[in-house]
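Trainee: Handing you a structure now.
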Amino acid sequence: MQWLRMASIVLLWAGGCRVTLATDAGTTRVPGDPDRSRWPDVLTSQADFDTVSRAEVLMFGKALLASEALQEPELKQRLGVPQLRLTSIRQVRDGLWDDLLSAYRDASHNCDGQAFCPRVRSVADLRQLAAGFTGDISPAHALWASKRLGEHERVLNEQLRVAVLQP
């Protein structure tokens, strides 16, 4: 199902959400703004960029968790499709979790004492961390988190819609 992943990546670009790297040396895709202009803090170092990358991963994970909690009729309505291909949706979700874990790890090297930096060893750890993540370390960060969640939900919906519509 590599083609499905590639279609999802292309859809990210077409859907207006740009793909960035979690670190300069990393190769993992993390949905987000390349310039990070919406992040409330000034980004002056790789550590700052890694902090916002971890926050982006956690917000996308939160959107992914919410989509997993939807019942079939709700998911059909949300995606605007008459039928679901649950196997394809599950494969896309699993691939996204793997990508998010890799991106989080890439952005977590040497981040002790920085925001959003609990260590994760597995997708299960990341899922738990994303479930409790609010980004609420200040009012500005809370506003960022609420806006980004909506954007990540739209991107995720497009990826899941591709999973349903592609044979």
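Trainee: Taking square-rooted eigenvalues a ≥ b ≥ c of the alpha carbon gyration tensor, is region 28-167 rounded, prolate or oblate, where a/c under 1.5 means rounded and, failing that, a/b exceeding b/c means prolate?
Mentor: prolate
Trainee: Place +1 on the Cβ of every Lys and Arg and -1 on the Cβ of every Asp and Glu in region 45-112, take the dipole about the Cα centre, and give the residue among PRO73, SER45, HIS109 whose Cα lies farthest towards its positive end.
Mentor: Highest projection toward the positive end goes to PRO73.
Trainee: Take the Cα atoms of region 36-87, build their convex hull, and give its volume per residue in Å³.
Mentor: 106
Trainee: So what is the relative contact order of region 55-167, in percent, for Cα pairs below 8 Å that sit 6 or more residues apart?
Mentor: 50
Trainee: Once label points are set 7 Å from the Cα along Cα→Cβ at both LEU43 and GLN128, what is their separation, rounded to one decimal in nm?
Mentor: Once both label points are built, they end up 2.9 nm from each other.
Computed from the coordinates by the stated procedures, all read-outs in this text should not be read as laboratory data. Not measured: the values here are computed from a predicted model. Note that each Cβ is placed from the backbone with ideal geometry, even for glycine, and that neighbours are counted across all protein chains shown.
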